[in-house]
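What follows is a short report on a single structure.
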Amino acid sequence: MTDRDGRGLRKGLTSYGDAGFSLFLRKAFIKGMGYSDDALERPIVGIVDTASGYNACHANVPDLIEAVKRGVMLAGALPVPFPTISIHESFSHPTSMFLRNLMAMDTEEMIRAQPMDAVVLIGGCDKTVPAQLMGAASAGVPAIQLVTGPMLTGRHRSERVGACTDCRRFWARHRAGEVDATEIAEVNDRLVPGAGTCGVMGTASTMALTVEALGMMAPGGATAPAVSADRRRIAETTGQIAAQLATQPLLPSAIMTEKAFENALTVLLATGGSTNGIVHLAAIAGRCGLALDLDAFDRIGRKVPVLVDLKPSGQNYMEDLHAAGGLVSILRELKPHLHLDCLTVTGRTLGEEMDAAPAGWQQDIVAPFDAPIYPEGGMAVVRGNLAPGGAIVKQSAATPSLLTHRGRAVVFSSIADMAERVDAPDLDVGPDDVLVLQNAGPIGAPGMPEAGYMPIPRKIAATGVKDMVRISDARMSGTASGTIVLHVTPESAAGGPLALVRTGDMIELDVPGRRLHLDVSDAELAERRLSFKAPVHEGSDRGYKKLFLDTVLQADEGCDFDFLVPEKTGRVPKDR
Ligand code: FES
Ligand code: MG
């Protein structure tokens, strides 16, 4: 076997430091937990523990750790759990994206700092999985991803509900006066019925499916509900695979190749996955030295339709996709568009794992390739003088008639400005206008919040209008829908043209033509640029915030920190 650190395969506690006093001391301390020499001489599988009192999406992590440990020990290795920070979408001020790179750094450094021959990454909630894979890719230790799994659906007055497409739907109905205060309080108890990640095709589900497609997860590991026996069995299998990885030099870089990322992008498009997925995959690929080509991604989307009937693009929930066979049912439909020879964590190829998975029953969650839910991929990339570096629109969750639209801009200069004015009775806005939000990008907010899902101004919503074209440099939750242009690059706070839009300008969106155009002359834009001022953030002179603002990259590069990304040696997709 080839080695990876010049000294042969790492083995347990001897993986670094001198073999004399430093090893003696390390063993003395860990024996304080009652380990025997027999245990300590085995390969070590680290297990990243991301349980937190603030993270309901990870409430089952203690159970999963027990199951992973069982798998590791059945395979003859020693499991050692250790904590890192945990990020829940709703408890991450100012944004979870702001903290993702911190978690990636924590994960990378703790894998590096402690002796381990392989690592099980237990993540789930949106930012945690990309953070862990970014960290593991940089640490260069064999790794396998386990997700906590989706929550089950709840019931509100016999209607099936789940976080959090239905949260938005009920809140919009409440704002429009259709759902009263009593009922909205009632539904609040029903939306998150237990442990696990959002049960729709939000970012957590999207990352779970794309990471399984990437080859970094046990086969079938993406969809089993958080509280199911299947989920614990997957955790046990994950432990067994990790023990196997600990004795083989199968590094993340051998799995996360250009072709593997292309498979992941294909799945992202076919699932109608979250727009956040493209940012995270760009960041993970970046850690592997690969640049993600947005235009090539768009070209895949012209060929690969949405097949998965899950909210918000469709009607169902993750537990239904699990019952329909999970990821492999999607992969089978996509077979001619996949690289089947990509290696996975099991040491077998994606194609071999697909052949080994059970098949052959009727289901109505994954549509056949030739009768899709939506004729193109879930996302499209638009460009133009308003977004020279590109912008993303989730076309499968948009209003078809608005995908080609010309309208008058109504500009909000910040999230605070929007919050203050959007519901004002005297706001000068009509249903055909285009809502524009500035300063909500990676630097602007900071942390690129999910503010792209701008509320429909109350006076417009009250007339029954459910959607308008909305444009920003922000992100959007994967659970949201609407005709919403996101990730405008470069962002306004970095001096992008978005900063120059004024109320009354005309904007043209042409998604079929992949165009986003601000109908203002170059001369006028140059004139406006003279008075551009970048926003100044309170507290930006110290600590993590300073690091973030000084080094964060734009959305097309995954919003990673510039100093964490190695030089690019390849492109994704490779062959198109
Ligand atoms: Fe954690 Fe949705 S809030 S997955
Ligand atoms: Mg989310």
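Each reported figure results from applying straightforward, stated rules to the coordinates on display, with no laboratory input. These numbers were taken from a predicted model, which means no experiment stands behind them. Counting neighbours? That spans all protein chains shown, and the Cβs are built from the backbone with ideal geometry, glycine included.
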Amide H partners (placed H, <5 Å) of Ala143, local residues excluded | Val119
Segment 540-546 - phi-based ³J(HN,Hα) in whole Hz, Karplus 6.51/-1.76/1.60, Gly and Pro as x | 7, 9, 8, x, 4, 4, 5
So how long is each side of segment 72-225 along the principal axes, counting just the alpha-carbon atoms, biggest first, in Å?
-> 57, 35, 24
As a check on your grasp of the helix formula, calculate [θ] at 222 nm for the chain: sum -39500 (n - 2.57) over DSSP H runs of n ≥ 4, divide by the residue count, round to the nearest 500.
-> -10000 deg cm²/dmol
Compute the long axis of helix 96-113 from its Cα atoms, compare it with the longest principal axis of the Cα atoms of the chain, and write down the angle in degrees, 0 to 90, nearest 10.
-> 10 degrees
Whole-Å semi-axes of the ellipsoid equivalent to segment 467-506 (Cα gyration tensor, √5λ, descending) | 20, 14, 5
Whose amide H sits under 5 Å from the amide H of Ala163, counting only residues 5 or more places off or on another chain, with H placed in the peptide plane?
-> Gly199
What is the spread of the Cα atoms of segment 250-292 along each of their three principal axes, largest first, in whole Å?
-> 30, 15, 14
Using only the Cα atoms, work out Rg/Rh for the chain, with Rh taken as the Kirkwood radius, to two decimals.
-> 0.98
Of the trypsin sites (Lys or Arg not before Pro) in segment 115-174, those whose Cβ has at most 14 other Cβ within 10 Å and which sit in DSSP loop | Arg157
From fewest to most C-beta neighbours within 10 Å, the residues His322, His537 line up as His537, His322
Measuring from centroid to centroid over Cα atoms, what is the spacing of segment 298-374 and segment 263-295 in Å?
-> 16 Å
Can you list the cysteines of the chain that have no other Cys Cβ under 4.7 Å away?
-> Cys198, Cys288, Cys342, Cys559
Amide H to amide H under 5 Å from Ile47: which residues, 5+ apart in sequence or cross-chain, H placed 1.01 Å off N in plane?
-> Val80, Phe82, Val120
Contour excess over end-to-end distance, with Cα ends at Ser36 and Lys303 and 0.36 nm allotted per residue | 90.4 nm
Cα-based equivalent ellipsoid of segment 306-359: semi-axis lengths in Å, sorted from largest, via gyration tensor | 23, 12, 9
Please report, to one decimal in angstroms, the Kirkwood hydrodynamic radius of segment 197-328 built from all distinct Cα-Cα pairs.
-> 15.4 Å
May I ask you to evaluate 6.51 cos²θ - 1.76 cosθ + 1.60, the Karplus curve with θ = phi - 60°, for each residue of segment 392-409 and list the ³J(HN,Hα) values in order in whole Hz, giving x for glycine and proline?
-> 10, 9, 8, 5, 6, 10, 9, 7, x, 5, 8, 5, 10, 7, 10, x, 7, 6
GluC sites (Glu not before Pro), loop per DSSP, at most 10 other Cβ atoms within 10 Å - longest free stretch of the chain | 179-537
Least to most buried among Asp550, Asp505 (fewest other Cβ within 10 Å first) = Asp550, Asp505
Return the Rg/Rh value of segment 286-429, two decimal places, where both radii are evaluated on C-alpha atoms and Rh is the Kirkwood radius.
-> 1.08
Order by neighbour count: Met454, Met73, Met207, fewest other Cβ atoms within 10 Å first, most last.
-> Met73, Met454, Met207
Any idea what the dipole of the chain comes to, in debye rounded to 20, about its Cα centre with Lys/Arg Cβ at +1 and Asp/Glu Cβ at -1?
-> 540 debye
Taking Cα atoms only, helix 128-139 is inclined relative to the longest principal axis of the chain by an angle, in degrees rounded to 10, of 50 degrees
State the dimensionless ratio Rg/Rh of segment 380-535 (Rg: radius of gyration of Cα atoms; Rh: Kirkwood radius).
-> 0.93
